[in-house]
Amino acid sequence: MAIFLLVIGLLLFVSLVVVHEWGHFIAARRGGVEVEEFGIGFPPMAWSKKLKSGLLLSINWLPLGGFVKLKGENDSATSKGSFGAAPLKTKVKIMLAGVGMNLLTAFILLTFLALIGIPKILEGQYTVASDTKVIRNDVLIGNVSEDSPAGKAGLQLQDRVVEIAAANDVQKIANAEQLPEVTKKFAGKDVSITIVRNGTQQQVPAKLRTVSEVEASKNTDNPKGYLGISPQEYTIQRSTWSAPIVAAGLIKQFTEATLKGLGGLVANLFRGNGSEATKQVSGPVGIFVILKDGSLLGFEFILMIIAIISLTLAIMNALPIPALDGGRLFVTLLFRVMKKPLTKDMEEKIHGSGFAVLMLLFVIITIVDVKRFF
């Protein structure tokens, strides 16, 4: 099941790129601008097919997004059907259409999730209290201490703890607060821990530490628990009539969190703290790992991650970063305000430099992700 959900997650991730570029494609066609190529990923090209309409479909090797190649893509082009010859209003629509599609996708996914059950991943995550019901609350293992009863028993990260039993005394674990209470109650005893791992329930035997061991460790630099794990809760809550409101509230909340994170990233870069800055971002490798780990939590978590990525794509592409949609729009409007012609050579230098910087960041982030996760 986990592998199936991982594949679904990866397909949905690729679909976000398709949705984004589809927005540009539709806006261009409606604005009378000819589309020459619809590409997924960036060149070099891996596969292509030319349709009867003349549109070239391509899949490319660099998994950094996608593109639509328009006729006369530079602002100064004048030939009929070219992007440059289109009115400014049409150009703005084309450049922002991808952002709009990703934003709409995030809203639809979050609304759907609110209706079926949405994971709680933020402290104070937005919801309408009067229309919110917790439908699932799992206690997961967030950390396993070295040389602990849990480590010796083979417990792993993200195992779901269902119950702990000593002889005929069975204690259900309904929340994270119960776990230390139960392990203290069974201190020093042989217990059977019922967990769910990869969708399969199993019993794991363990011998808990004694009260004297735990108490003695409190006076050291390495305090110990009876079992030796740090629990975390995975909560899913559902709404009904307020689902669209919850989706809008979450978009606002996640947008604020994203912009705050970007602010911290930029601040670290200006301080020369590049290693700290790279920890705040992830590339395709990091996204793969997140989806792989998230597949163990279920379909709802995968959809939540996809919705957040879609929103992040909208935010990033709206920012005035050269080579991205917002950057192209910013440069176009800036030259209009300055009342100067935006030549093809100038436009290519600006966005070409931006693209080169993005490629360099991609390489650095990929290297960091590989070191971080493998």
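Just so you know, all these numbers are worked out from the coordinates, no wet-lab data involved. Not measured: the values here are computed from a predicted model. With ideal geometry, Cβ positions are generated from the backbone for all residues, glycine too; neighbour counts draw on all protein chains shown.
Overall, the stretch 134-237 carries a charge dipole of about 160 debye about its Cα centre when +1 sits on the Cβ of Lys and Arg and -1 on the Cβ of Asp and Glu, all other atoms neutral. Could you please report the charge total around Gly32, scoring K, R as +1 and D, E as -1 over all other residues with beta-carbon less than 15 angstrom from its beta-carbon? Local net charge: +4.
The HN-Hα couplings worked out from phi for the stretch 324-332 by the Karplus form 6.51 cos²θ - 1.76 cosθ + 1.60 (θ = phi - 60°) are 8, 4, x, x, 5, 5, 4, 5, 4 Hz, whole numbers, x standing for Gly and Pro. Taking amide hydrogens as placed 1.01 Å from N in the peptide plane, the amide H of Val162 sits under 5 Å from those of Thr194, Ile195, Val196, each at least 5 positions away in sequence or on another chain.
The residue among Thr220, Gly199, Ile173 whose Cα reaches farthest toward the positive pole of the charge dipole of the stretch 134-237, with charges on the beta-carbon of Lys, Arg, Asp and Glu, is Gly199. Mean residue ellipticity, 222 nm, helices only, the chain: the sum of -39500 (n - 2.57) across DSSP H runs of n ≥ 4, divided by residue count and rounded to 500, is -16500 deg cm²/dmol.
Mean separation of Cα pairs under 8 Å and 6 or more residues apart, divided by the residue count, gives the stretch 134-237 a relative contact order of 38 percent. Pairs Lys260/Lys349; Lys91/Lys340; Lys120/Lys371; Lys185/Lys218: which are spaced more than 23 Å apart, C-alpha to C-alpha? Pairs exceeding the cut-off: Lys260/Lys349; Lys120/Lys371.
Taking label positions 7 Å along the Cα-Cβ direction at both Ile116 and Ala356, the computed distance is 4.6 nm, reported to one decimal. The string of couplings for the stretch 110-119 from the Karplus curve (6.51, -1.76, 1.60, θ = phi - 60°) is 5, 5, 4, 5, 4, 6, 9, x, 10, x Hz, one whole number per residue in order, with x for Gly and Pro.
Ordering of 218-229, 100-111 by packing is 100-111, 218-229, highest average first (other Cβ atoms within 10 Å, averaged per residue). For the modelled label position 7 Å from the Cα of Leu64 along Cα-to-Cβ, which residues of the stretch 316-335 have backbone nitrogen atoms closer than 14 Å? Counting only backbone N, you get 322-325.
Contact order, relative form, for the chain: 20 percent (alpha carbon pairs under 8 Å, 6 or more residues apart, mean separation divided by residue count).
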